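Have a look at the structure below, then the notes.
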Amino acid sequence: MTQLPAPAEAPTKTILRALQGEAPAVPPVWMMRQAGRYLPEYRATREKAGDFLSLCYNPDLAAEVTLQPIRRYGFDAAILFADILLLPQALGADLWFVTGEGPRLSTITSEEDFARLKPVHAIDETLSPVYETLRILRRELPAETTLIGFAGAPWTVATYMIAGRGTPDQGPAHALKTENRALFEQLLGKITEGTIEYLSRQIEAGAEVVKIFDSWAGSLQGDDFDRYATEPARLITETLKRRYPGIPVIAFPRQAGEAYTRFHQATGADCVALDDSVDAQWAAENVQIHGCVQGNLAPRHMVEGGPALVSETKRIVQAFSKGPHIFNLGHGITPEADPDNVHRMLEAIRS
Ligand code: CP3
C-alpha cells in the first residue's frame, strides 16, 4: 500500500469543502449516472466500444465518457465510469448484460459456489483497467473538478451475486440470509474485504472521494439494517480512513427512511446521500445535523422538466442551505431524460 502525501493546504474544490463541513452559498453539484444513455455522445462512444462491459474495461473510452458530462455541464465532480458488478466479476463470478433487461451473473447459493470464488488479492488482475481510467482522469480533468471513485455496498452486491440478476424484492438474498446465515455472512465478509481493497486501489490511482452505493439498503429491516447495511459501511469507512486519512467517504443507503439518521451517526461517513423519498426539510433537521448530505431531486424532473423542475430544485437548495450540502438527484438520471433539463436544473441552483 502506498501512503498518500497529506494535503498541504485547505482544499479549494467545492465538493471537498462541503465534505469538510462548509456550507457554501451555492451548493456544488453532480448527478448519479451523469455519464449515461440520455447523452448522445455517450451512446456514440458506447457504440464504438461494442458493449457496456467493453466500455468499462477500456480506459481511454471509459475516461472519455466520464469527461463528457463535465464538458457539457461543468459539474463539480466526475464519477469514475465503471459498474458495481465489476467486483463480483473480479472475484470470479460470470457477468454479462442483456440489452434492455440488465445484468446477469452466475449465482452463489451453496458452499461449493462460494468456494469457487477467487481470493480477494486476485481482483487487481481484472480491475487494473479501472485504475488506469482513474489515472487518465486525474491528468485530464479540470483543476476544479473532484474525481469520485465508487463501489457497491456489500449487501447490494450480494443481492446480485446470490440471485444472478436484479430482483424487485431481493428475495433470493433474504432467503439465503434466513436459510444459511453462516454462508450469507461469509459472502458479505468477502465482498466487504474485496470492496476495501478495490477502493484502496482506486484512491491510490487518484480518486479524491469514494462513494459506497447501497441501492437495496431499504429492503433490510431493523437489526438486519444495522448488521448488513450500517456495519459494513462503518467498517469500510473506518479502514479507508485509517489507510488514507484525507479521503472523504460518501455512503448511499437508498430508501433507508428514518434510519438515515442513525446510519449517518454510526458509520462515520463524511456524507450521506439521500434518495428522493426523503423530505428535504425533514432531512435537514434530522440527518444534516450530523454532517454533509447529498441529494435529493427526483430523477423524473429530468424527464418532465417544466416549472416543477425549477421549483423543486430551489426548494431543495433552500432546505439544505444552512449546512453542508452537495446537490444531486435522489437516484440515477434515466435514459429518457432531456439533456436540456440538466441545464435548467443547474441554472436554478446557481442563480
Ligand atoms: O454514475 C455514473 O455515471 C458512474 C457509473 C455507474 C454505472 N453504474 C454505469 C452504468 C455507477 C456509479 C453505477 C452503479 C450501479 N450499477 C448501481 C448502484 C446505483 C444504482 O443505480 O442504484 C447498480 C445497482 C448497478 C448495477 C447495474 N448496472 C444495473 C442494474 C444496470 C442495468 C440497469 C440500467 O440502467 O441499464 C447497470 C448498467 C449500467 N451501469 C449502465 C450504466 C451507464 C447502463 C449501461 C448501458 O450503457 O447500457
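Scanning the stretch 60-115 for residues that are within 11 Å of the ligand (Cβ to nearest atom), in a loop (DSSP other than H, G, I, E, B) and modelled with pLDDT of 95 or more, we see that the one that is farthest from Pro154 (Cα to Cα) is Phe75. Annotation note: Cβ proximity below 6 Å between a residue of the stretch 76-96 that is over 17 Å from Gly149 (Cβ atoms) and a residue that is in a loop (DSSP other than H, G, I, E, B) and small (Gly, Ala, Ser) (sequence gap 6+ or interchain) occurs for Ala93/Ser106; Asp94/Ser106. Selection of the stretch 280-298 for residues being touching a residue at least 40 places away in the same chain (Cβ under 8 Å) and farther than 13 Å from Gly323 by Cβ yields only Leu297. Tell me whether the stretch 195-202 contains one or more residues that are under 29 Å from Gln265 (Cα atoms), more than 16 Å from the ligand (Cβ to nearest atom), without any contact (Cβ under 8 Å) to a residue 40 or more places away in the chain and not charged (D, E, K, R). No - not one qualifying residue is present in the stretch 195-202.
Being under 20 Å from the mean Cα position of the chain (by Cα), surrounded by fewer than 18 Cβ atoms within 10 Å (Cβ to Cβ) and part of a loop (DSSP other than H, G, I, E, B) is a property that Thr239 lacks. One residue stands out among those in the stretch 167-220 that are among the basic types (Lys, Arg) and closer than 18 Å to Thr109 by Cβ: the one that is farthest from the chain's Cα centre (by Cα), which is Arg181.
Conditions (1) under 16 Å from Gly149 (Cβ atoms); (2) touching a helix residue (DSSP H, G or I) at 6+ places or on another chain (Cβ under 7 Å); (3) surrounded by fewer than 20 Cβ atoms within 10 Å (Cβ to Cβ); (4) not β-branched (Val, Ile, Thr), marked per residue:
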| site | (1), (2), (3), (4) |
| --- | --- |
| Gln34 | yes, yes, no, yes |
| Arg43 | no, no, yes, yes |
| Arg46 | no, yes, yes, yes |
| Ala49 | no, yes, yes, yes |
| Leu61 | no, yes, yes, yes |
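Among helices (runs of 4 or more DSSP H) entirely within the stretch 243-351, having at least 2 residues that are touching a helix residue (DSSP H, G or I) at 6+ places or on another chain (Cβ under 8 Å) and within 16 Å of the ligand (Cβ to nearest atom) singles out 301-304, 339-350.
For the stretch 182-227, the tally of residues that are of a type in the set (A, V, I, L, M) and assigned to a helix (DSSP H, G or I) stands at 10.
The values are calculated or read from the model by the stated rules, or taken from the named source; none is laboratory data. Remember, predicted model here, so these are calculated numbers, not experimental data. Neighbour counts run over all protein chains shown; Cβ positions are idealised from the backbone, glycine included.
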